[in-house]
Every structure is written in structure tokens, then in C-alpha cells.
1. Here are the criteria: (1) modelled with pLDDT of 80 or more; (2) more than 18 Å from Tyr95 (Cα to Cα); (3) hydrophobic (A, V, I, L, M, F, W, C). Tell me which single one Ala12 does not satisfy.
2. When you scan segment 128-141, do you find a residue that is over 30 Å from Phe102 (Cα atoms) and either at pLDDT below 60 or part of a helix (DSSP H, G or I) (or both), even just one?
3. Give the residue that is modelled with the lowest pLDDT, with candidates limited to residues of segment 45-100 that are assigned to a strand (DSSP E or B) and among the basic types (Lys, Arg).
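The values are calculated or read from the model by the stated rules, or taken from the named source; none is laboratory data. Note that the coordinates shown come from a computational prediction; the quantities given were computed from them, not determined experimentally.
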Amino acid sequence: MHALLIASTIFAVSSALSIKVYDTNEYCFTVYGPEGQFLHFTYLVRGRNEDNVKFTIKRESGQTTTQLRQRELDVVERFDESGKLTACMQSHDEYTKTFNFFFEVKQDSKPKKGITLTHIQEATEKLNNMQALFDKISRNIYLKNDFDKELTQRSIDSKQTQKWLSIIKMLLVLLISAAQVYFVTLFFTTGSKKLQQNQGKRGAAFSGI
């Protein structure tokens, strides 16, 4: 499996991280610290088959520390001259799992009391709240874009409709004007013919007398 590097420059003295995985790829991130200091690492897995996982700490020298089938774990590792440690997690099945982490860079290897899974859960809750907020903002942005597109399309359709209505009105005006001219011309033409016919009849009557 190819390792997916999800964060490569974490310099924070302490931090929390939550990663959701949907496959069996190996996901890694690197933590940097001064040589001789210690990385205190706590993780908790949530999801189906929570213990069907592998957690590995990798060093620049190629040395690795691997923990199998541990749904929760506390790890302390010393930084060597490279000043970095790479943490990798991997699910051994296709079920969705969430890896929740809390880590600190300290000068001693003694575990600090109170840094337990409670901190992970609190940090995870904050991360989830932030993620929910970002998701809501993203949804609102997408909805706004869709609404703007719909308004633009409606405006275009409205302009097209107005254009065709104007053309139809103009054609109706032309037809009505042409009809008026036709009927007026027909009226005068018919009247002129009737007048000529009447005059012809009168002329014939006078001739008979």
C-alpha cells in the first residue's frame, strides 16, 4: 500500500488531530521537534472493528515502531538528530474509522498525568464543531452560487420572452394597420364603383326620355 502523507510540517509543541479513513491505505504525518526531546503521543480509534488497525512510528534512519490491533495507545518516542518522527495509521478492513490524536513535544519522557483520552475527546469535539461550521459555510456558498445561477438564467429567459413579445406585438400592429388600410381602400373602391353604376343608370334613363 502507498502511504498518503497528509501533513508534513507540524512544528506545534502540542496539538490534536482527527483523521477519518475509508480504506486500507496508510496515512502518515510528520512531527518535528528538537533532538533529544520526546514526542508524547496518544490516540483513540472510533468506528467498526476499532482494534483492526496498525499504528507505526517511523524514523529517518528507517527504524520503525509498530503497534497492531490497539484501539487506544500511549506512545513516547525520542527525537534523533533528524528532528522528526513520522506517525502512520492504517485500517486493515474497509470499514470507516476515525483516528483521534493528541500529541506533545516535551523535554522528558515521563508521561504527563491528565493527558488522557479525555483530551482527545475534547479536542475531537472542537474539531468536529469546526468541521460542521465549515461544512455549513460551504453549503451556504454552494446554495448562493446555485441561486445566483438560477436568477441569471431566469433573467436571460425573461429577456428572451420580452424580446419575442415585442416582436409579436409589432407584427400584430403591422397586421392591424395593413387590415385597416385594406378595408379603407376597399370601402372607397366599392363606394366609387356604386357611384359610377348609379350615374350610368341615371344617364340611361335620361336618354330614354
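1. (1)
2. Taking segment 128-141 and keeping what is over 30 Å from Phe102 (Cα atoms), we get 140-141.
Retained after the next criterion (residues that are either at pLDDT below 60 or part of a helix (DSSP H, G or I) (or both)): 140-141.
Yes.
3. So the first thing to find is which residues in segment 45-100 are assigned to a strand (DSSP E or B), and the list is 45-47, 53-58, 64-68, 72-78, 84-91, 97-100.
Pick out the ones that are also among the basic types (Lys, Arg) and you get 46, 54, 58, 78, 84, 97.
Values: Arg46: 84, Lys54: 88, Lys58: 89, Arg78: 88, Lys84: 88, Lys97: 88.
The selected residue is Arg46.
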